[in-house]
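The values are calculated or read from the model by the stated rules, or taken from the named source; none is laboratory data. On a predicted model such as this, the values are computed, not experimentally measured, just so you know. Note: ideal-geometry Cβ built from the backbone for every residue, glycine included; neighbour counts use all protein chains shown.
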Amino acid sequence: MKDVCILAIESSCDETAAAVVQNGRTVLSNVISSQIELHKLYGGVVPEIASRKHIEKINQVIEQALEDAGRTLEEIDVIGVTYGPGLVGALLVGVAEAKAIAWAKKKPLVGVHHIEGHVAANYIEHPDMEPPFLCLVVSGGHTHLVVVKDYGEFEILGRTRDDAAGEAFDKVARAIGLGYPGGPKIDRLAREGYARSIAFPRAKIAGAPYDFSFSGVKSAVLNYLNQHKMQSLPVPQADLAASFQAAVVDVLVEHTMAAAADFQMDKVAIAGGVASNGALREAMENACAKRRLQFYRPSPIFCTDNAAMIGVAAYYEYKKGVRHGWDLNAKPNLGLGER
């Protein structure tokens, strides 16, 4: 069977990324241009700045990805691109670039759902991994618990009712003065603290056992900080970070294990930016080992926004016969499973 070589483009938020992926499993190149240092100045991602930076970087990133892979555009079979969800201006840069290349080189165009890409990141380092399996997707904008029934086919069991896990990390980090991006900084600081020193709430939602809510624990942290400020008490930052992180991780793991038991899943995966969190990875690994479940996790480089995961997802969409036309547009609120 002929190899299928995909040039993938990802620009949904603040990383401009391109990759070349062969047959959905072999990453020939993976180039990421991060804007973190730029957005640190503002305490979070500024959409207009992100879009402009994507325009500046996208051609360079694609050229580097092709060079690293030892491929020319003529040797590429398919162009894959993230078209949602994400920041509309940022998405438009990638979609326009992908359409231009596909049109100029007469290549098939395949639009990819960003969350589907995160799930597909697990296939890169686990060549024998096949659906079905349970996947917890945790990032700055999304917290989903899904059954991956087949490639690109999902059943959503639970989702966040308010803040996503990564969003809560960023807000709490900002409140205790750690700055942006919050997740990695809280993860580092938490290692110096005691995770059971402060009792923060673990939210449960009546009638929706797999749904998440993190606004309560975020508010509890803010109240704790305000009380200490009003009483002129020092804030034990490491203990606070560890206790907050434990509250979030406990809920993520508990809901995932409950779903694995209820749906009789023997394979569990995590994906998304927060999937690189050390405490979550360790807790999920221990919980799966205790229940004799197979546990999968991407390396941290494939947890963050990257184009390799988009290339993997694009391959399986392409194999199913998915093709997009020149009317492909950015869909900032695209739901998982929607087209």
*Just give me the residues in segment 31-67 being among the hydrophobic types (A, V, I, L, M, F, W, C), over 28 Å from Val172 (Cα atoms) and either in a helix (DSSP H, G or I) or not assigned by TED's automatic domain parsing to the domain that holds Glu10 (or both), in sequence order.*
Ile55, Ile58, Val61, Ile62, Ala65, Leu66
*Select the strands (runs of 3 or more DSSP E) contained entirely in segment 69-146, then report the ones holding at least 1 residues which are in contact with a helix residue (DSSP H, G or I) (Cβ under 6 Å, 6 or more places away or on another chain), in contact (Cβ under 8 Å) with a residue 12 or more places away in the chain and among the aromatic types (Phe, Trp, Tyr).*
78-84
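Yes/no matrix, rows are residues, columns are (1) of a type in the set (Ser, Thr, Tyr); (2) more than 29 Å from Gly86 (Cα to Cα); (3) modelled with pLDDT under 95:
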position	(1), (2), (3)
Ala261	no, yes, no
Ala269	no, no, no
Asn277	no, no, yes
Asn286	no, yes, no
Phe295	no, no, no
Pro298	no, no, no
Asp305	no, no, yes
Glu317	no, no, no
*How about segment 204-222: which of its residues are surrounded by fewer than 16 Cβ atoms within 10 Å (Cβ to Cβ) and within 13 Å of Glu254 (Cβ to Cβ)?*
Lys204, Ile205, Pro209
*asked:* Condition first: under 21 Å from the mean Cα position of the chain (by Cα) and at pLDDT 95 or above. Can you find one or more residues in segment 31-52 that meet it?
replied: yes
_Subset of segment 21-39 [under 14 Å from Ala313 (Cβ atoms) and among the hydrophobic types (A, V, I, L, M, F, W, C)]_ = Val21, Val27
*Restricting the first residue to segment 12-25 and requiring it to be touching a residue at least 40 places away in the same chain (Cβ under 8 Å), which pairs with a second residue that is surrounded by fewer than 24 Cβ atoms within 10 Å (Cβ to Cβ) and aromatic (Phe, Trp, Tyr) meet a Cβ separation below 7 Å and a spacing of at least six or different chains?*
Gly24/Tyr316
*helices (runs of 4 or more DSSP H) completely within segment 201-299 that count 1 or more residues being among the acidic types (Asp, Glu)*: 237-262, 278-290
*Inspect segment 160-180 for any residue being more than 26 Å from Leu38 (Cα to Cα), part of a strand (DSSP E or B) and not assigned by TED's automatic domain parsing to the domain that holds Gln22 and give the result as yes or no.*
yes
*Which ones in segment 98-141 are small (Gly, Ala, Ser) and under 19 Å from the mean Cα position of the chain (by Cα)?*
Gly111, Gly117, Ala120, Ala121, Ser139, Gly140, Gly141
